[in-house]
1. When the scattering of the stretch 2-339 is computed by the Debye formula from its Cα atoms alone, each counted once and equally, what is log10 I(q)/I(0) at q = 0.11, 0.12, 0.16 Å⁻¹?
2. Using a 1.4 Å probe over the heavy atoms of the protein chains, calculate the carbon and sulfur portion of the accessible area of the chain as a whole percent.
3. Per residue of the stretch 305-313, what does 6.51 cos²θ - 1.76 cosθ + 1.60 with θ = phi - 60° give for ³J(HN,Hα)? Whole Hz please, x for Gly and Pro, Karplus curve as stated.
4. Fully extended, how many nm does the chain gain between A2 and E130 (0.36 nm per residue separation, minus their Cα-Cα distance)?
5. Under 5 Å between amide H atoms, partner at least 5 residues away or on a different chain: which partners does I71 have, H built in plane at 1.01 Å?
6. If each residue of separation counts as 0.36 nm, what is the full-extension length gain between R155 and R339 once their alpha-carbon separation is subtracted?
7. Compute the Rg/Rh shape ratio of the stretch 233-344: radius of gyration over Kirkwood radius, all on alpha-carbon atoms.
8. What GluC sites (Glu not before Pro) in the stretch 1-106 are in a loop by DSSP, with at most 10 other Cβ atoms within 10 Å of the Cβ?
Amino acid sequence: MAAQRKLMRVLAGEAVAPPPIWLMRQAGRYLPEYRATRATANGFLDLCYTPELAVEVTMQPIRRFGFDAAILFSDILVIPDILDRGVHFVEGEGPRMTPLAVEDIGTLPRPSVDEILAPVFETLRRLRRELPEETTLLGFCGAPWTVATYMLAGRGTSDQAPARLFAMRHAAEFDQLLALIADLSADYLISQIDAGADAVQIFDSWAGVLDETSFDRFCVRPMARIVEKVRRARPGTRIIGFAKGAGALLEDYRQRTGVDCVGLDWTVPRKLARAIQADGAVQGNLDPLLMVAGGAALDAGIDRVLADLGEGPFIFNLGHGITPQADPDNVARLVQRVRAWGGA
Ligand SMILES: Cc1c2[nH]c(c1CCC(=O)O)Cc1[nH]c(c(CCC(=O)O)c1C)Cc1[nH]c(c(CCC(=O)O)c1C)Cc1[nH]c(c(C)c1CCC(=O)O)C2
């Protein structure tokens with residue numbers, strides 16, 4: 001059955017019309033039912049680590065919109081959390097943790113992902129039982145560069161200057177950190193597959209702040225390391241790579257990392273997007289703010305994405321995560337319009 005799920009067919013390189021659709025961060029604060037469940041949890045990480053609650057919030061957008069994929073409810077920062085970095089979320093501000101110093105790198109723990117993240121795998125097993133047969137279940141993790149930016153700054157920043165400076169000053173230790181995160185992330189993804197995930201997405205949300213050489217070293221190489229490790233352990237695993245903001249550097253990203261599907265943000269021009277699609281699946285790339293704006297701008301945006309990419313192997317998504325200000329009615333309108341599309 002898994003192989004026949006619409007989204008899995010696209011990941012295998014097939015063009016499916018209308019394309020399957022899901023949205024990055026589809027479970028979240030724009031949904032009143034998410035806010036209600038969130039209020040019962042003892043903080044955001046408690047929501048991630050309590051299977052009953054994590055299953056509930058994962059299912060909410062599936063019930064409401066009937067997306068083709070559910071994505072495990074968790075966060076990319078569970079990896080720094082199990083590395084004892086003191087991860088916490090400050091209301092209205094975002095994630096915080098203890099900034100990593102160069103001396104700390106050699107002393108980071110080597111946790112057993114299987115044991116320490118057992119509740120996450122339990123969430124996946126329960127999800128596979130609860131989801132409709134035709135719905136793809138996606139696991140995910142953050143890419144090493146993006147996870148490292150939060151670990152080094154101790155928070156989100158707009159240009160990732162702390163991580164870039166660290167990489168310039170301490171190249172060897174930085175490579176060591178990326179390798180450690182890559183290996184833990186590969187173990188994490190392998191266990192997600194074993195617990196029932198059909199495919200996985202790796203989020204490199206901060207790829208866009210790097211020059212070409214740094215992108216190769218910090219994004220492409222660690223991504224390829226994860227892909228290789230996961231495929232060696234679980235041959236045939238389908239992987240979506242999302243390097244946000246990488247622009248023209250995405251041109252040969254599929255070949256160099258080995259991912260099956262290339263995630264596109266909304267700034268990727270049509271010509272480049274179609275060139276990337278010429279040798280496999282792509283996912284994206286509607287501007288997430290259209291879910292706030294709605295109306296004629298939304299319809300025109302949807303039609304543009306479908307006309308550009310709908311003919312090839314394509315997964316409809318936003319170009320980045322949906323924002324808390326999005327209107328759920330606009331999401332319903334989006335799903336309806338994509339499902340009504342009969343080809344260009
Ligand atoms: C960089 C990053 C993070 N987390 C994630 C990324 C990569 C994708 C991206 O770039 O958006 C990935 C992520 N985070 C979350 C998911 C869940 C699954 C989904 O519905 O897509 C996924 C896939 C839940 C979440 N992760 C977070 C929330 C909001 C927390 C809350 O409910 O208070 C959710 C629903 C918290 C979080 N987690 C992170 C930040 C910066 C924040 C704070 C910003 C914010 O508040 O939106 C780190």
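The values are calculated or read from the model by the stated rules, or taken from the named source; none is laboratory data. All values reported here derive from a predicted model rather than from experimental measurement. With ideal geometry, Cβ positions are generated from the backbone for all residues, glycine too; neighbour counts draw on all protein chains shown. Just the protein is used for accessible areas: all its heavy atoms, side chains included, with ligands, DNA and RNA removed. Shrake-Rupley method; radii C 1.70, N 1.55, O 1.52, S 1.80 Å.
1. -0.67, -0.81, -1.56
2. Details: 6690 of 13540 Å².
On the chain, the fraction of accessible area on carbon and sulfur atoms equals 49 percent.
3. 4, 5, 5, 6, 10, x, 6, x, x
4. Numbers: separation 128, 0.36 × 128 = 46.08 nm, distance 1.47 nm.
Additional length available on full extension: 44.6 nm.
5. For I71, whose amide H was placed from the backbone, the distant partners under 5 Å are L138.
6. Result for the pair: 62.4 nm of gain on full extension.
7. On the way: Rg = 14.3 Å, Rh = 14.5 Å.
Using only Cα positions, Rg/Rh for the stretch 233-344 is 0.99.
8. On the way: sites: E14, E33, E52, E56, E91, E93, E103; in loops: E14, E91, E93.
The qualifying sites are E91, E93.
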